Structures are given as structure tokens and as C-alpha cells.
Amino acid sequence: MHDFFYSPDGKIMGGVLSRRKALRSMGLVAVAAGAASLLAACGGNASVTASTSSGASSAAATSSAAPTSSASASSSAAPSSAATSSASPTSSATTSAATTSAATTSSASAATTASVSSAATTSSSASAVAAANPGKGQFNGGEPYQVPPTGHWNNYVTNNISMSIYDDLINPPFAKFLWASNGWVNILADSFKLEPPDKFVVTLKSGLKWSDGNPFTPKDVVTTFTVLRLMSGPVWNYLDSVQASGNDITFHMAKPASVVQRYVLEQHLYSDAVYGQYAQKADALFSAGKTVADTDVKTLIADFQKFRPAANVASGPFMYDKSLLTEAQLTLTRNPNGYQGKVGFSKIVIYNGETPTITPLVLAGQIDYATHGFPPATVSAFKQQGLRILTPPAHSGASLYINYAKVKGAAKKEVRQAIAYLVDRPANATFALGVAAVAQKYMTGLSDTILPLWVDAADIGKFNQYEKDTAKATSLLQGAGWKKGSDGIWVDDTGAKWNYNLLVASDYADWLGAANNLAEQLSAFGLKTTVQAVNHVQSGQQTLQGNFTLAIGGWGAGSPYPEFSYDTDILEQVPPEDPLGPGNSFDLSQTTTSAGQVNFKDLVVASGAGLDPAPQKAAVTKMALAFNELLPIIPIWEKLGDNPVNEGKRVTGWPPDGNPLYKNDYYADSFVTIWIYDGTLKPV
């Protein structure tokens, strides 16, 4: 599984900077009907105000209730910003249209379906801890991680020990999104609501505690977001303060932004006892009017990047056991102080490794669920073993990155367009992942399944689909001043031959397949390309540092909001967004024939701006047109899951195909962790 897909918590995952989560995606959430209730946009350089109080009771134990959920009135609406209800004892992927999107707290249960277990109604304030219900059996998964001293416990910095989807069970967020119903399943949030015109308020569950015994209070939330601001978390494009009072945390927006809800609710939350010293220093600097561009703040960032906590402090049902962390595997044991939900497992075992390492473990029956991206031959072997294969959406995939500081000849858009015409994307998709990848059709940097929710059909008709056309590619290169040499290799208008390395993660089997096929296609045309395969940690760092000429990288994000995808496609690739920069050195200010003069940073922010969906759609349309014309990165294919499930050996309760939660993005809003929380998945 490739944790290169960026997450809203701004954290570094698996050695690759993963700041926006946009986690991979592909679901069916519309935007128009419910957009009047959305939050909105703007830049935020104002200071954080951390007026916290102890809020949550330290006496009460954690809640035993399953994550609660609230769905919007209709699944045809955009991602809802309505307040959830603490009433629903179980999560619901499809809720009746009669359910209001501003549900108030009540003891009544929301309508549920077979998508989630129908657990008995339990008050969200009920008390129970793991010691009273330690569970039994285990769940086995696989994720790549670094062991100490390279791996560490600073959740915001590259090479931290991170478990991707299983982080939801260690340091849970407030809630997770339900794609099919446009609703939310609450975890640490008791409720949340929009307070027009510019506030988003989350009420924290009472009685929460950390694994170190300290109470979990709103102060921890303020600290989490203050450090996130220090690390240029994208939510701070919109916020200007975070304040706490009692169990309420108020996120004030300089201007309302529709994406704030998702950024806030899906943020993994961390302990003030661990990060408070840095949050206090950052708050003092921001309150004095400093920004991340100032020397004092840069110095604090550099200091923080060296910070290595002694351990991860957890608030979920599981925690790391450092005595059970090895190069081969680690064990997540029950956290007696954490929020419990209805978890039935006593431990989760995570095997360390990417696709080559995890594949034999899956075949040997040692893995219950994996998300690594397996080549077609491997998937066939899984099926022969009797394993079930899930194919949920990912809303993201593989693309070609060009380093414009080193490949000068690609500065002209015509050269990038020529490459798009040259590459047989369907063939590359099939070679890499078989039926688990679909060639990008509209080439907008946004999932083809999300695009129609934001761009009108008339404008979709304007997109160049770049169907394979070698004659067109030749004409474009010649028009850009390129010539083919006597040796058959193209020479650009500066006299430089196209003879470049293509950087790729050797342990990402799907990306490696894409790279080999792409290099073969380009070289056959006279664009000599040699695959340079290194491990995923090194390739991710080299890409962000600009230490590459060509690279296979990710595009798109696991969010129904286009802002997340374009942040991944554009802003993650250039400074000053990433301290590791300079990335690909793409100029964010461009002149286009399709959209006029554009600034991509401004368009990314505008794509989430305002309560009215019309300006958002206009910004997304302009961004999509500009991206399609300029191709700052060149999408190749969109990934579907080919995720093996070992049913019945250790884990039972897997819902049948067609369950609404299988429409969730399987990284960003994992149905697996939702079902572990509510008890749907349980030990044999």
C-alpha cells in the first residue's frame, strides 16, 4: 500500500511526506444540493488562540459505544457540513432522506442498513475500558515502516512509525466519512456543527484518556492544530484561530471554507503532553505576527523536525508495544485507557514490508487484509488460494513527474502534451495492475468519477483526452523546436538529448510496472528513458528534494473535495509548501489559452471557498481546464483496490459485495477500521 497519498493531518507517513491526505479515492458524492451548508475558504496568517480548559472529565473512563454517525438528507448533496448526532449508536452508510442534516442530540437511533452491524443502543457517555473487555484473537495486516533509530515517534515528521489505515485505531480522528450516504461516523467527536457564518464547532466526547493516563481534553486538539500550523498544514489556508471552551473546540475561519470540515474531522489527534512545548512556542510566534516565512519560525520548524518523543501516546483502542516492534513485524496491543468502541480483537499484528515482502505472507495465510497494489499474476494466485479480492475505489493513481529545473526542454507545454499523446495509458494500466487500474480519461488531475460532480457536462466536453497519437506527438515536438538525432534520440530546443532516468519506488509493484512500461514506450519513440528503482523511502525523499529528472509519483486524493486532489497534484510538488523542497520547480503562475492567466495556489484555495457552490465549481472548472492544457504532472491511470481478504481464519464478519461502505475510499475512510470499531469485523 502506498502511503504517498496525502492526508489531512499533514503528517509524514511511511517515509514519504503525506501532508494532505488526500488519501486515495473514487466515490459517488455529489455537490450541488447540499452545498449551501458547506464551509468555505481563505488564507490564514492570523494567530492561534489556545484558550483551552480542562474540559473533559478525567474521572470517567472511555466510552464503550460504537462510533456514532449522521448522514445528510440526501446522498446527492456535496459532503455535508451538518452537525452530527450523538444519538446513532451504530454507523450508517445509507440513511433515510428523512434524516435531517442538522440532527440534534437524542437517544434515538438513525436508520441503518446491513452496511454496519446493528449493535445494541448504547449511550455515547457510557463507560468501559479494555481491561473490562480485552477482546480475543487478532487481526493481521501489513504496512511498511522504519524501525528505530530511523523510525521514530514524531507524528509530524518524515520516517515516523505510521500504520496508515490502522492509525485510526491508535490516534483516532473525530470522525470518518461515509461516501455512499454523505454522512459521518463519529469516533472521538460527540457532535459537530457549523455555526454560520464562519465557525465550525466540534464537541469532544467526555471521559476520554490517553495511554499515559492523562485526560484527553480540548487542549490536546488545540495543540494538534497549532503544531499542524507550524508544519504548514493546508487547513491553515482557511483557519485563523482554534479555541477551546469546556468540551467544545471552535475552529474560526477567516472566511468560510467547505473543506475545513473534512480537514478537521479526519485529523489524527495528538497529546499536549508530548507536543505542547512546541505548540506554545509556535503560538507565541504566530500571535506576534510571525509567519512560516520568518526566520524565527523556520528555526522552530528545524528544531521540531529533530524532536524525537520517547513513545507514541495513544487515545484509541490500540497502542504500540515497543517490546514487540521488530524489523519483521510489530504488535498493537489493547490500550486500557483509550476509546474502545465495540472492538473485539485483543491485538493487531502488522507485518513490515511493501508488496514483495507481503505477497508471500498473504499466500501463506498470515495476512487478513492488505492494500499494497498487487500485479495481475499475484492477484490470480490469490484467487487460486481461495482468497476474496475487494476492489474499492482509490480516486488516485500513478503519474509522470518532470523536474522542470533539470529537464529544461519540458518547460514548453507542447512537450508535455506530446508525451501525453505518446503514452498508451490503457496499456500501461493493464501492465501495472490488470483490471485494478483504469486509464485517466480527462487528464484533469482529478478522479474521473469525481469530476462530473464539480464540472458541467459542457465544460467536460472541452477537455483534451490525449488519445494515443504518435503523429500528433511528433508534430508537437517539432513545433517546439525539437529534432530527432541520427541515433534516433530526440534533442530539445536547447540542444540537450532526452536521455533521462525515471525514478520509481522499487517496492511499489504497481508503480514499478508502470515505470518499466512507460520507459519502454518513451524509449521506443526516441525519448530514451532508463528506470532508476530505489526503495519507497528514498524515492519519496528524492522527489520532494528535487533530486530527480523524471519520476513516477502519485496524483489525486481520497476526498470528494477537489481541493485535496489539486493540493496533492500541484502544491505538494513545489516550495514553500514542503520544507524538503524544491520538488519539481513548477511555476505556479501560468498563462493558458483555456483559462487565461492562472495562479495554481490561488485556484486551489478558491476551489474550497464560499458557502455558495457556484464559485467553487467555477474555480474547479478553471483549474481542471488549466491542468488539462498545461499538464504540470501527467496522470497515467487511476487505481482500484485489488485487496486480498482472508475470510474465516482469524477474522469473520466481512460484509458481502455491494455493501455501501465498499464505496468508501479504502485509504482515506477505511471501511476496515470502521467495521473494527463497531464490531462488524470480529475474531473467529
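Looking at segment 268-374, what helices (runs of 4 or more DSSP H) fall wholly within it and have at least 2 residues that are touching a Lys or Arg at 6+ places or on another chain (Cβ under 9 Å) and not hydrophobic (A, V, I, L, M, F, W, C)? If you could, list the steps in order and put the result at the bottom.
Details: elements: 272-287, 295-305, 355-363.
Answer list for segment 268-374: 272-287, 295-305.
Within segment 615-654, the residues that satisfy the criterion of being part of a loop (DSSP other than H, G, I, E, B) and open to solvent by 10 Å² or more (accessible area, probe 1.4 Å) are 646, 647, 648, 649, 650, 653, 654. Taken over segment 335-344, the criterion of being closer than 17 Å to residue 140 by Cα and surrounded by 24 or more Cβ atoms within 10 Å (Cβ to Cβ) is satisfied by 343 alone. The residues of segment 245-262 that are of a type outside the set (D, E, K, R), outside any loop (DSSP other than H, G, I, E, B) and modelled with pLDDT of 95 or more, listed by number, are 245, 249, 250, 251, 252, 253.
Only one residue in 479, 485, 495 is touching a residue at least 60 places away in the same chain (Cβ under 8 Å), loosely packed, with under 13 Cβ neighbours inside 10 Å and under 24 Å from residue 403 (Cβ atoms), so which one is that? The unique qualifying residue is 479. Quick check on residue 236: is it more than 25 Å from residue 289 (Cα to Cα) and in contact with a helix residue (DSSP H, G or I) (Cβ under 6 Å, 6 or more places away or on another chain)? Answer is no for this residue.
Of all the numbered requirements in (1) under 23 Å from the mean Cα position of the chain (by Cα); (2) modelled with pLDDT of 95 or more; (3) part of a helix (DSSP H, G or I); (4) of a type in the set (A, V, I, L, M), residue 603 misses one, and that requirement is (2).
Return yes when residue 374 is open to solvent by less than 10 Å² (accessible area, probe 1.4 Å) and touching a strand residue (DSSP E or B) at 6+ places or on another chain (Cβ under 6 Å) and no when it is not. No; evaluated as a whole, the condition is false for this residue. In segment 300-325, the residues that are closer than 17 Å to residue 158 by Cβ form Cβ pairs under 9 Å with partners that are open to solvent by 40 Å² or more (accessible area, probe 1.4 Å) and of a type in the set (Val, Ile, Thr), at six or more places apart or across chains, as follows: 301/292. Within the option set 594, 565, being among the small types (Gly, Ala, Ser) and at pLDDT 95 or above holds for one residue only, 594.
Would you be able to say whether some residue in segment 392-413 is assigned to a helix (DSSP H, G or I) and touching a strand residue (DSSP E or B) at 6+ places or on another chain (Cβ under 6 Å)? Yes, segment 392-413 contains at least one residue that is assigned to a helix (DSSP H, G or I) and touching a strand residue (DSSP E or B) at 6+ places or on another chain (Cβ under 6 Å).
When segment 199-212 is filtered for residues that are open to solvent by less than 30 Å² (accessible area, probe 1.4 Å) and of a type outside the set (A, V, I, L, M), the ones remaining, listed by number, are 200, 205, 207, 210.
This table checks each residue for (1) touching a Phe, Trp or Tyr at 6+ places or on another chain (Cβ under 7 Å); (2) in a loop (DSSP other than H, G, I, E, B).
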{"site": "155", "(1), (2)": "yes, yes"}
{"site": "172", "(1), (2)": "yes, yes"}
{"site": "185", "(1), (2)": "no, no"}
{"site": "190", "(1), (2)": "no, no"}
{"site": "201", "(1), (2)": "yes, no"}
{"site": "206", "(1), (2)": "no, yes"}
{"site": "213", "(1), (2)": "no, yes"}
{"site": "219", "(1), (2)": "no, no"}
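If you go through segment 527-540 one residue at a time, do you hit one that is assigned to a loop (DSSP other than H, G, I, E, B), within 23 Å of residue 439 (Cα to Cα) and at pLDDT 95 or above?
Pass one, segment 527-540, residues assigned to a loop (DSSP other than H, G, I, E, B): 527, 535.
Of the ones still in play, those that are also within 23 Å of residue 439 (Cα to Cα) are 527.
Checking which are at pLDDT 95 or above leaves us with 527.
So far as segment 527-540 goes, yes, one or more of its residues are assigned to a loop (DSSP other than H, G, I, E, B), within 23 Å of residue 439 (Cα to Cα) and at pLDDT 95 or above.
Restricting attention to segment 396-422 and to residues that are of a type in the set (Gly, Ala, Ser) and open to solvent by 10 Å² or more (accessible area, probe 1.4 Å), the residue that is farthest from residue 503 (Cα to Cα) turns out to be 411.
The values are calculated or read from the model by the stated rules, or taken from the named source; none is laboratory data. Only a predicted model underlies this, so the values are computations on that prediction, with no experimental measurement involved. Cβ atoms come from the backbone with ideal geometry, glycine included; neighbour counts cover every protein chain shown. Just the protein is used for accessible areas: all its heavy atoms, side chains included, with ligands, DNA and RNA removed. Shrake-Rupley method; radii C 1.70, N 1.55, O 1.52, S 1.80 Å.
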